[in-house]
Amino acid sequence: ELADMSAADRMAYKVEQAQSVQLPYLLLAAVLAILAVVVYLWKLPNFKEQASDDSPTENVTAAQALRHPHVLFGVIGIFAYVGAEVSIGSFMINYLSLPEIGNMSESSAASYVAYYWGGAMIGRFIGSALMQRFRPSLLLGLFAIVAALLVLTTMLTSGHIAMWSIVAIGLFNSIMFPTIFTLGIKGLGPLTEEGSGLLIMAIAGGALVVVQGWLADHYGLQTSFLLTAACELYVLFYALWGSK
C-alpha cells in the first residue's frame, strides 16, 4: 500500500500512524505515574519493627534468609510473576495483531496495552479492599488460579475471547508482587532486610521475556504463553504451600 503513495503521502501516513499510538502510551504513562504515587503513599512493612529488639542484627547474611523455605520460594515467586507480567505486556501488540486473535493493526492493538496496565492498577485497589476480609495467601491463590485460567483460555481460543482473556490478566496479576513480598518476609526477624533485598532482586524475572521470545519463534506466539501459564501456576503453589 505504501508503495503506491507519493513521498509526501507516505510521510503523512507515517505521521498519522505515529499519532494513533501516541494516546495509548500517554494514558499508560499517566497510569504508571498514579501507581507510583500510590506505592509511595502505601504503608510498607517497617523492617525495624519486624526484627525483635533482643535479636542480634549484625553479621546476618542473605544466605541465612534463604534457609527459610518461604523466602526461597518467594524469591522464585516474584521472579515468575514479573516474568509473566512483562512477557504479556511485551508481546500483547504482536499477539492482538494476529489474524486469528484480534486481526487489527499494531496502532489499534497498542490501545489494549493501556487497558492491560490500567486493569493492573484497578485490581490493586480492589485487592487491597479484599485483603481486609480475606487472608493474603488465600486471595493470592484465587487471583493466581483466575490468571492461569485466563492464560489457558487465550491459548486455546481465538477472536474476541482470546483477545479479552489476555487483557484481563492484568487485573488478576495486580496484587501478586506486594502479597508475595509480604508473605516472603513474614517472621524473619533480624533477617528481614536481607530477605526483602533478595525479593526485590527477583524482579530480574523480566528476563523471561527472552525465553518466551525464543518459544514464540520456534513454536508460535500463542503456544509461547505456556511459559506464562507455568509462572501463574507457580504463584498458586506459593500461595497455598510455598509461603508456609
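The values are calculated or read from the model by the stated rules, or taken from the named source; none is laboratory data. These numbers were taken from a predicted model, which means no experiment stands behind them. As a convention, Cβ positions derive from the backbone with ideal geometry for all residues, glycine included, and neighbour counts pool all protein chains shown. Just the protein is used for accessible areas: all its heavy atoms, side chains included, with ligands, DNA and RNA removed. Shrake-Rupley method; radii C 1.70, N 1.55, O 1.52, S 1.80 Å.
One table, with the values for the structure above:
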| item | result |
| --- | --- |
| Packing rank of 70-77, 220-227, 109-116, where each peptide gets the mean count of other beta carbons within 10 Å, highest leading | 70-77, 109-116, 220-227 |
| Local electrostatic count, LEU183, Cβ distance below 14 Å [Lys/Arg +1, Asp/Glu -1] | +3 |
| Rounded percent of accessible protein surface that carbon and sulfur make up, segment 159-244, 1.4 Å probe | 74 |
| Per-selection Kirkwood Rh - segment 87-223 (Cα, Å, 1 d.p.) | 16.4 |
| ³J(HN,Hα) computed for each position of segment 95-104 - Karplus, 6.51 cos²θ - 1.76 cosθ + 1.60, integer Hz, glycine/proline x | 5, 5, 7, 4, x, 7, 10, x, 6, 10 |
| Segment 66-190: relative contact order in percent, alpha carbon pairs under 8 Å with at least 6 residues between | 36 |
| Size of segment 193-244 as Cα extents on the principal axes (Å, biggest first) | 41, 23, 9 |
| Isotropically averaged projected area of segment 167-217, using the convex hull of Cα atoms (one quarter of hull area), nm² | 4.5 |
| Relative packing of peptides 118-129, 208-219 - highest average C-beta neighbours within 10 Å first | 118-129, 208-219 |
| Estimated vicinal HN-Hα couplings, Hz - segment 203-216 in sequence order (Karplus 6.51, -1.76, 1.60; Gly, Pro = x) | 5, 4, x, x, 5, 5, 4, 5, 5, 5, x, 5, 5, 5 |
| Full-stretch length increase - TRP164, LEU142 - with 0.36 nm per residue and alpha-carbon distance subtracted | 6.0 nm |
